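To start, the structure itself, in structure tokens.
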Amino acid sequence: MNARAIAAMIGAMACFVSNDALVKHVSESLPAAQLIFLRGLMASALVLGVAHRLGALRQAGALLHPRVALRGAVDACATMLYLLSLFRLPIGNATAINLAAPLFMTVFAVLFLRERAGAARWSAVVLGFVGVLCIVQPSGGDFNAWALLCLLGTLFHAMRDLMTRRIDPAIPSIIITLATALAVTLLAGCLSLLGEWQPMAWADLALLAVAAAFLAGGYFLLVQCMRAGEVTLTAPFRYTAVLFAMVLGYAVWGEVPSGWAWTGIALLVSSGLYMLYSERGRSRAAALDAQPE
């Protein structure tokens, strides 16, 4: 189960980064709220179609389940808080703050879910975060009230992921995914009414459709990860988002990592390999203990 959860987390990060790259390109000519609303409509329609195909709409009433609805609302607020701060902060600072989520998730999982986080898991989280700082290199002089807003959004993201663990397992993951997509779309739609809408080219709509597919996939994989694996184990693999972002940055924009970035990459890879090695040893020990004497 934990291996599948780790794979789901890595897959979710790949989807989210791909979505971000497409949205970054389209956002050069569109207001943010309009973009997020249209992307949300497409993602919601896609998830709705998949839910219908899977026969999960028979449980559509679960969208109004308090824990499902609250998780969706928290996710929508987290998204908007992060984007509002991103528009006012250097992207390196915003990224570094947002990727502090694994630290918060590990602390929350220990405090509220009673998970056990040994030295290996704490070391992997801290080592990974140091790697992130080496890559994004945030500048201290640019931290301000917007940074606190970004930090609040990060806390909301960590809360969202822990709330997933509290949802009835009988509720299909695709329904939770649909609730998230609808909540983000509704909030973005309300905010889009405060500004003027801009005309769109068909090419931009096509890119948003692809971004919506990646976003929906990321939502679903993240829900699957949180429901299947231990939070303290899967949290460090959220840092793989930085690696995917750097690969895309090189492939699309020709951005070459600096010396510090390569150091950060080495730390991130070491963090993941150390966690996998430690977990394999832990599983092997548990299997030996379970054998009859």
> Can you give the calculated 222 nm mean residue ellipticity of the chain, where each DSSP H run of n ≥ 4 adds -39,500 (n - 2.57) and the sum is split over every residue, rounded to the nearest 500 deg cm²/dmol?
Replying inline: -26000 deg cm²/dmol
> For the residue pair residue 148 and residue 193, what label-to-label distance in nm results when each label sits 7 Å from Cα along the Cα-to-beta-carbon direction?
Replying inline: 3.0 nm
>> Just want the ordering: 82, 239, from fewest to most Cβ atoms lying within 10 Å of their own Cβ.
In response: 82, 239
>> How much length would be gained if the chain were fully extended between residue 277 and residue 115, taking 0.36 nm per residue of separation minus their Cα-Cα distance, in nm to one decimal?
In response: 56.4 nm
> Label-point separation (nm) for residue 137 and residue 123, each offset 7 Å from Cα along Cα-to-Cβ?
Replying inline: 2.9 nm
> Helices from the chain with mean Kyte-Doolittle at least 0.0 and a Cα length along the axis of 18 Å or more, per DSSP H: which?
Replying inline: 2-26, 32-54, 66-86, 119-136, 145-164, 173-192, 202-228, 240-253, 259-290
> Can you give the longest stretch of the chain with no exposed loop site, where a site means trypsin sites (Lys or Arg not before Pro) in a DSSP loop (not H, G, I, E or B) with at most 10 other C-beta atoms within 10 Å?
Replying inline: 117-293
> So if R0 is 25 Å, what FRET efficiency would residue 28 and residue 262 give, r being the distance between their Cβ atoms, rounded to the nearest 0.05?
Replying inline: 0.30
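We did not get these values from a lab; they are worked out from the coordinates using the rules stated. The structure displayed is predicted, hence computed values, not measured ones. Neighbour counts are summed over all protein chains in view; Cβ atoms, including those assigned to glycine, are modelled from backbone coordinates with ideal geometry.
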